[in-house]
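Accompanying notes for the structure given below.
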Amino acid sequence: MAVREVLLSSGHRMPLLGLGCWQSPAEEVSLAVEAALEAGYRHIDTAFLYLNEEAVGVGLHRWLKSSGTDRSNVFVVTKLPMNGMYAGGVEKFLKKSLAALQLSYVDLYLIHLPVGVKGQHDLDILPKTDDGHIVIDCATDLIALWKEMEQMVDAGLTKSIGVSNFSIKQIRRLCAIARIPPAVQQVELHVHFQQRKMQEFCRNNNIVITAYGPLGSPGRSTADTVPRLLDDPVVRLVADRHGVTTAQVLIRFLIQQGIITIPKSTNPQRIKTNGEVWNFSLTEVEMEALKSIDKGEAGRSFTFASFPGLDEHPEFPL
């Protein structure tokens, strides 16, 4: 039986395969969530920033009701938005997410980015000046925020807490003061950008990595350069050897290393196919071949270039 979940430092188990919900329109994401759960996924990844939590909740509850499954069998992740990174913001925005998702708790709450912004109101998630620059909040205090994150565990509003898009230095700072250490770090990670140093650091500190963009995020609508992972000749060769899709190889490559993977799709058939990664495994030679196509830092494609001015924040991680 293939290993399908990992044990977090919080003591909770997290499924290795999840459905990513970024840039999924509300009218499509409800059906996508239902399709994923029907196909055997037990992990849904969303965020306040995606502005689709309500639709994610609709799909989740429709499936729970129709299947007679208990809520505790689905691992739900959401994230603190950049405009909620101030004193009191953690609880406020987690409660907003819970209300939208129609849940009493989430399984994992992440700080979405280590960078705060100054919104005019709660839905002003990416406030901009007249010239299009993000209105950053230079007073972001990651230590104070982490203490608020810990309180959310104490209050029973989330089972586990973690971070997303943090640098090694930033995580190290949190670990130094944490009563409850980060259980998860969610970052861009795929065959062309394998984040070896980050992997080693997280392994040594009992932090599990969730990889976003595992397929290169080909459908994204941002200013970033999209890598062509699905067409990589090495990936295609391995896929042909197993009679599977290149997407399945990219997902299997990560989960076989204990890296949680959240491919995003709203196509029910593709969601089902992406989830069929438990009945084959890659050989050591194939794993080494895939490790050899790592481009290091040159393989990074999420540069946050579509957020001009964000890189002026003192906590910008890149």
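State all residues of segment 256-267 that are over 16 Å from Arg4 (Cβ atoms) and either in a loop (DSSP other than H, G, I, E, B) or modelled with pLDDT of 95 or more (or both); if no residue qualifies, say none.
Ser265, Thr266, Asn267
Just to be sure, is Ala139 touching a helix residue (DSSP H, G or I) at 6+ places or on another chain (Cβ under 9 Å), among the small types (Gly, Ala, Ser) and closer than 20 Å to Phe166 by Cα?
No; evaluated as a whole, the condition is false for this residue.
Can you work out which of the residues in segment 8-24 that are polar (S, T, N, Q) and closer than 16 Å to Leu49 by Cα is surrounded by the fewest Cβ atoms within 10 Å (Cβ to Cβ)?
Gln23
Do we find that Phe166 is farther than 18 Å from Gly11 by Cβ and assigned to a loop (DSSP other than H, G, I, E, B) in this structure?
Spelling it out, Phe166 is indeed farther than 18 Å from Gly11 by Cβ and assigned to a loop (DSSP other than H, G, I, E, B).
Each row is one residue, and each column tells you yes or no for (1) over 26 Å from Val33 (Cα atoms); (2) part of a loop (DSSP other than H, G, I, E, B).
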residue	(1), (2)
Val187	no, no
Gln199	yes, no
Cys202	yes, no
Gly216	no, yes
Ala239	yes, no
Leu254	no, no
Val277	no, yes
Val285	yes, no
Leu290	yes, no
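Could you please find all residues in segment 24-44 being at pLDDT below 95 and in contact with a strand residue (DSSP E or B) (Cβ under 7 Å, 6 or more places away or on another chain)?
Answer for segment 24-44, where residues must be at pLDDT below 95 and in contact with a strand residue (DSSP E or B) (Cβ under 7 Å, 6 or more places away or on another chain): just Ser24.
Checking Pro314 against (1) assigned to a loop (DSSP other than H, G, I, E, B); (2) closer than 26 Å to Ser24 by Cα; (3) touching a Ser or Thr at 6+ places or on another chain (Cβ under 8 Å): exactly one of these is not met. Which one?
Only one criterion in (1) assigned to a loop (DSSP other than H, G, I, E, B); (2) closer than 26 Å to Ser24 by Cα; (3) touching a Ser or Thr at 6+ places or on another chain (Cβ under 8 Å) is unmet by Pro314, namely (2).
Taking the condition closer than 21 Å to Ser104 by Cα, surrounded by fewer than 17 Cβ atoms within 10 Å (Cβ to Cβ) and not polar (S, T, N, Q), does Gly162 pass?
no
Tell me which strands (runs of 3 or more DSSP E) are completely within segment 1-61 and hold 3 or more residues being in contact with a Lys or Arg (Cβ under 8 Å, 6 or more places away or on another chain), under 19 Å from Tyr105 (Cα atoms) and touching a residue at least 24 places away in the same chain (Cβ under 8 Å), or say none if there are none.
In segment 1-61, there are no strands (runs of 3 or more DSSP E) which contain 3 or more residues that are in contact with a Lys or Arg (Cβ under 8 Å, 6 or more places away or on another chain), under 19 Å from Tyr105 (Cα atoms) and touching a residue at least 24 places away in the same chain (Cβ under 8 Å).
From the list Pro218, Pro214, Pro233, exactly one residue is modelled with pLDDT under 95 and of a type outside the set (Ser, Thr, Tyr). Which is it?
Answer to the check: Pro218.
So, in segment 1-35, exactly how many residues are among the aliphatic types (A, V, I, L, M) and farther than 9 Å from Thr266 by Cα?
Looking only at that region, the number is 11.
Kindly list, by first and then second residue, each pair from a residue in segment 112-128 that is closer than 15 Å to Leu51 by Cα to a residue that is assigned to a strand (DSSP E or B) and among the basic types (Lys, Arg), limited to pairs with Cβ atoms under 9 Å and residues at least 6 apart or on different chains.
Cβ pairs passing all conditions: His112/Lys79.
Among the listed residues Arg236, Arg203, identify the single one that is under 17 Å from Arg13 (Cα atoms) and free of Cβ contacts under 8 Å to residues at least 24 places away in the same chain.
Arg203
What do you reckon, is Lys95 basic (Lys, Arg), part of a strand (DSSP E or B) and closer than 21 Å to Val77 by Cα?
no
For segment 62-84, how many residues meet the condition of being assigned to a helix (DSSP H, G or I), more than 20 Å from Ile262 (Cα to Cα) and not small (Gly, Ala, Ser)?
Number satisfying all stated conditions: 5.
The values are calculated or read from the model by the stated rules, or taken from the named source; none is laboratory data. No experiment lies behind these values; they were computed from the predicted model shown. All Cβ positions, glycine included, derive from the backbone under ideal geometry; neighbour counts span all protein chains shown.
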